Every structure is written in C-alpha cells, then in structure tokens.
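Asker: Below you will find the structure I want to go over with you.
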Amino acid sequence: MRLLSRVLAEGLVLLACLINAARSVEEPVFGLRSRAFVARSTRHLILWQMQGAAKRQRANVETFVDLVRATGYQAEEHDISTEDGYILKLHRMPGSPKSPVGPKKPVVLFIHGLLAASDIWVLRGPDEDLAYLLVDAGYDVWLMNMRGNFYARRHKNLKPKEEKFWRFSWHESGLFDTASSIDYILNVAGQKKLSIIGHSMGSTISLVLLSMKPEYNEKINGMLFFAPISIFTHVLPGPLSTIAVRYGKQLQKTLKTLGVNEIMPRNSNLIGIYTTFCQAPHIELLCQKLMFNMAGLLRSSRFDAFDEAMFYKMMHHYPQGSSVDTILHYRQIMISGKFRQYDFGPDVNYIYYKNVTPPEYPLERITVPTVLYYGMNDAYTTKEDVEALMAKLPNAEIREIQHERFSHLDFIFSNFAKSVLYEDSIRMLDQFRNDDDPSEQTLEQAIEHAKLAPSTVTV
C-alpha cells in the first residue's frame, strides 16, 4: 500500500513536471540522442521541482491560528489530555472586531468530520464561514481536534510510530476526546452548557458520547448535525467505497502486514505534489471531479454549489489524517446497516461485550434537542439515512436543504451555505440558548423565532 501510494504520488509529480518541461522546450527535438538528452534534463527538472516544492511547503504549513489571526480575529490554542492519555489541541475564537472578548458568552463547539481538523471551519474567512459568523454574533467559539489528526498526534506514553498509538476508531473519539473537550471548555468559559455543531463524523462521535455517557446530555443545550452519519440504509457509490466494502478484510490484512496504521496524514511533501499537479491548466476541474466522484461524494456529477476557488486552499488543509480502524469501523456499519460498536470478531467481541456481535449504541438515551440537516446531492447522507436516525432519537427534527446539488462537503464550502444553512443555524443556536434559559428571551425574540424557523431550508 505504501508502495502504491508512493508510485501514485511520484506519478503525479512526473506528469506535472513533464507539463512544465514541455512548456520550456522551444526547439524541436530530433533523433534518439536528443531525446535522451531531454529525458536526462527532465529527470533533473523533476528532482529540482520536488525538492523545491517540499522545502516551500515545509516552510509554509499554515495552521489554524495563522488562518484566523490573518483575518484580524482572535485565536487561542489549548492543550488538553483525555482519560486514556491522548493530548489534543483545542482551538478557540473568543472575540472579533465586531464582538470583543467578554465574560459569559454562550459557547458553541465545532466538531469536524472524517480526515479533517479544526482548520476546515475557517478556510473561507469572515462573513462566509459559520465560525466567524458566530463569533460576530457574540458566541465563544471552540473547535475540536480528534486524535490522530495534525493537531492531535501526541500521547502521554505512546508515539505515533507505535502501532498501539493507532488502536482507536471514532468510538474512542466520542467516548474520550469529546467528553474531555466539553469538560475543559465549560470549565474555562465558566458556563454550565454549550451547543454542538458536528459535520459528518462530528455527528457520529457526538452520538457515541451521549448514548454511552448520558450524563453529558445535561451539559449540552442543543446540537446541529450537518450531513450526520450513523445508520446506512444504502450502498455508497464510487469506486473507492466499493473497494473498501468489497475488499475491506483483504486490505486490512495487507495494511497490518505492512505496518500501516495511519491513513492520509497531512504531509508537506504530498501537499506540494497535489497542488503542483492540480494547478496546471485544464487540470484543476479534472482534479475536483476525480476526487469527488472517486470518493462517491456526489449523487450526480454536477457540483456547482461547491466553491471551486476553495479547492486549492482546501488541498493545503485536507486531509489531516486518522487511523485505519476509524475507516474500518465505518465499513462495518455500512455492511451491517446498524449503528453499533467496533466488531473485533466473535472471540474478542465476547471478551469485550459478552456477546459474539457488538452492541448497538443506545440512541434512545439522547435527550438533547437536535436538528439533522441533509443535502439532496449527498451520496453519504441520504434522506432515508437521516429518517432512520431521527426515528431513534427522542428529540430530533429533520431539515432538508433544497438545493438540488448540495452535497457532503457543501456544508463547509458551498457558495450558498450562508443563505441556505448558516443563517438558519444561528437562529437555531439562539433558540436552544433561550429555550434553556427562558429568562433571557424577550417576547419579541420568541415571536421572531416562531416566524423565522422553517421546517425546510430553501434556496
């Protein structure tokens, strides 16, 4: 697998460099000797460009704090430790030019999706990203990082090069990372409750926490789930998904044999390769379509809701890495159609669960008011999936974003996200807060919420 990835990466560099080399050759080339000379020159050019790209990327790895402070907003970084020894970075946006830092602001926690990090919420900038909009609206915004990503590769006793470091899936991220993050945030902010916004796997781990540790229901006043993933009622499209489901066990054995425990880390050399290749003329659109369709992110091949200008910037901040077991856990619930704990196999399952099959998460324990948003062009989270989840939750509602090409990543990067999603999200967060403390809600606010809260989000 490592060899395959290396060959693919080097192939992309080769192609990009050949394009550049072709541009630089002004004279016609004739004869074998001339061709051999050009081939040697091209190899030197390739090596030079690889080294240059790697050095530039290592020197310019942009962090969350860099992104936010460059816009004039305040940013903080906090280290926290989980119950099982992982050390994570929490990011915070406590104030902005429109809303200075102050005490007792309402708190909201953003939880990213698979292979992402806190960066994903702030790439578009002020007046576009929901995180910035909420800071301006007077919220104390915190952003979580799950174990294994770029900001969470430390442990009290283990190193990332050790196999044991990567023995986790999204189950542990929910049970330990989210719990530790919530406790730390409430303590620092001096608040009793917070709200959660989770995208994709961010919703998955929130469901894990509240079903396994129901006492945390008392610490959350409401949740907004963007494209939630838990119960699969359909087969995912796309060749990568097909291969993962059909050949998952073989891939698992191969990766274990090769000692591969981490998948798609944030790597400065690979960033240089991707961006060099995909910035070539007429190649950028191809890269976008290839990535989305290979991953099966789209139910149709059209994705004009996605902000194409964000593609290059996104490639510098996504993917950010995770464990192989995280992917395998998703494969298991895709095949079973049930939202349940990790399947270690019958023998080990019996040791862990006293049963040969893993138990389902008791979603009926989740009492927090929850809004489930889904897009019509999302191949990962369909209407049927969301309806199956809502049927398990005692206090949830569904909202459809009625843009026909709104897909899985559009919740973060769409040109239309502010008007069709974020404005409604802010109204819902205000409502959660006021419902939790009615003394803060005026009659005028109550009337306004009743007018503005739609059953569906339209464009």
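The values are calculated or read from the model by the stated rules, or taken from the named source; none is laboratory data. This is a predicted model, so every value here is computed, not measured. Neighbour counts run over all protein chains shown; Cβ positions are idealised from the backbone, glycine included.
Asker: Sort through Asp140, Asp84 and tell me the only one that's under 23 Å from the mean Cα position of the chain (by Cα) and buried (at least 24 other Cβ atoms within 10 Å of the Cβ).
Answerer: Only one candidate qualifies: Asp140.
Asker: Go through region 343-374 and count every residue that is farther than 27 Å from Glu218 by Cβ and in contact (Cβ under 8 Å) with a residue 60 or more places away in the chain.
Answerer: Selection size over region 343-374: 1.
Asker: If you go through region 394-428 one residue at a time, how many are modelled with pLDDT under 90 and assigned to a strand (DSSP E or B)?
Answerer: Qualifying residue count, region 394-428: 1.
Asker: Then there's this: Of (1) part of a helix (DSSP H, G or I); (2) farther than 28 Å from Gly259 by Cα; (3) in contact with a strand residue (DSSP E or B) (Cβ under 9 Å, 6 or more places away or on another chain), Gly95 satisfies all except one. Which?
Answerer: (1)
Asker: Identify all residues within region 91-108 that are within 14 Å of Glu76 (Cβ to Cβ), touching a helix residue (DSSP H, G or I) at 6+ places or on another chain (Cβ under 6 Å) and of a type outside the set (Gly, Ala, Ser); write none if there are none.
Answerer: Hits for region 91-108 are His91, Met93, Val107.
Asker: Considering region 117-128 alone, what residues qualify as being on the phi < 0 side of the Ramachandran plot, assigned to a loop (DSSP other than H, G, I, E, B) and not basic (Lys, Arg)?
Answerer: Ala117, Val122, Leu123, Pro126, Glu128
Matching residues to (1) assigned by TED's automatic domain parsing to the domain that holds Arg365; (2) in contact with a strand residue (DSSP E or B) (Cβ under 8 Å, 6 or more places away or on another chain); (3) under 25 Å from Val235 (Cβ atoms):
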{"site": "Val386", "(1), (2), (3)": "yes, yes, yes"}
{"site": "Asn395", "(1), (2), (3)": "yes, yes, no"}
{"site": "Glu400", "(1), (2), (3)": "yes, yes, yes"}
{"site": "Ala417", "(1), (2), (3)": "yes, no, no"}
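Asker: If you scan region 101-124, which residues turn out to be under 16 Å from Ala189 (Cβ atoms) and out of contact with any Pro (no Cβ under 9 Å at 6 or more places or on another chain)?
Answerer: Selection gives Pro103, Lys104, Pro106, Val107, Val108, Leu109, Phe110.
Asker: Still on this structure: Looking at this structure, is Thr326 assigned to a helix (DSSP H, G or I) and at pLDDT 90 or above?
Answerer: Yes; evaluated as a whole, the condition is true for this residue.
Asker: So which residues in region 226-256 are closer than 21 Å to Ser336 by Cβ, touching a residue at least 40 places away in the same chain (Cβ under 8 Å) and either among the aromatic types (Phe, Trp, Tyr) or not assigned by TED's automatic domain parsing to the domain that holds His112 (or both), if there are any at all?
Answerer: Matches in region 226-256: Phe232 only.
Asker: Could you check region 241-289 and list, in sequence order, the residues that are aromatic (Phe, Trp, Tyr) and either at pLDDT 80 or above or within 14 Å of Phe311 (Cα to Cα) (or both)?
Answerer: The answer is Tyr274, Phe277.
Asker: Could we say that Tyr374 is under 26 Å from the mean Cα position of the chain (by Cα), surrounded by 18 or more Cβ atoms within 10 Å (Cβ to Cβ) and at pLDDT 95 or above here?
Answerer: yes
Asker: Another question, then. Which of the numbered conditions does Ile401 fail, given that it passes all the others? Conditions: (1) touching a residue at least 40 places away in the same chain (Cβ under 8 Å); (2) among the aliphatic types (A, V, I, L, M); (3) within 18 Å of Ser230 (Cα to Cα).
Answerer: (3)
Asker: Consider region 333-362. How many of its residues are under 30 Å from Arg405 (Cα atoms), out of contact with any strand residue (DSSP E or B) (no Cβ under 8 Å at 6 or more places or on another chain) and buried (at least 16 other Cβ atoms within 10 Å of the Cβ)? Don't jump to the end; show me each part of the working.
Answerer: Quick first cut of region 333-362, residues under 30 Å from Arg405 (Cα atoms) only: 333-339.
Filter once more, so that each one left must be out of contact with any strand residue (DSSP E or B) (no Cβ under 8 Å at 6 or more places or on another chain): 334-337.
Of the ones still in play, those that are also buried (at least 16 other Cβ atoms within 10 Å of the Cβ) are 334.
Number of matching residues: 1.
Asker: Filter region 111-125 down to residues that are under 17 Å from Ser414 (Cβ atoms) and touching a Leu at 6+ places or on another chain (Cβ under 8 Å) and give me whichever is surrounded by the fewest Cβ atoms within 10 Å (Cβ to Cβ).
Answerer: Leu123
Asker: May I pose another question? Across region 296-323, what is the number of residues that are at pLDDT 70 or above and among the small types (Gly, Ala, Ser)?
Answerer: Of the residues in region 296-323, 3 are at pLDDT 70 or above and among the small types (Gly, Ala, Ser).
Asker: Scan (1) surrounded by 16 or more Cβ atoms within 10 Å (Cβ to Cβ); (2) touching a Pro at 6+ places or on another chain (Cβ under 8 Å); (3) closer than 26 Å to Pro214 by Cα; (4) not β-branched (Val, Ile, Thr) for the single condition Ala379 breaks and write down its number.
Answerer: (3)
Asker: Separate question: Would you say Asn293 is under 25 Å from Met146 (Cα atoms), modelled with pLDDT under 70 and either in the same structural domain as Pro394 (by TED's automatic domain parsing) or within 22 Å of the chain's Cα centre (by Cα) (or both)?
Answerer: no
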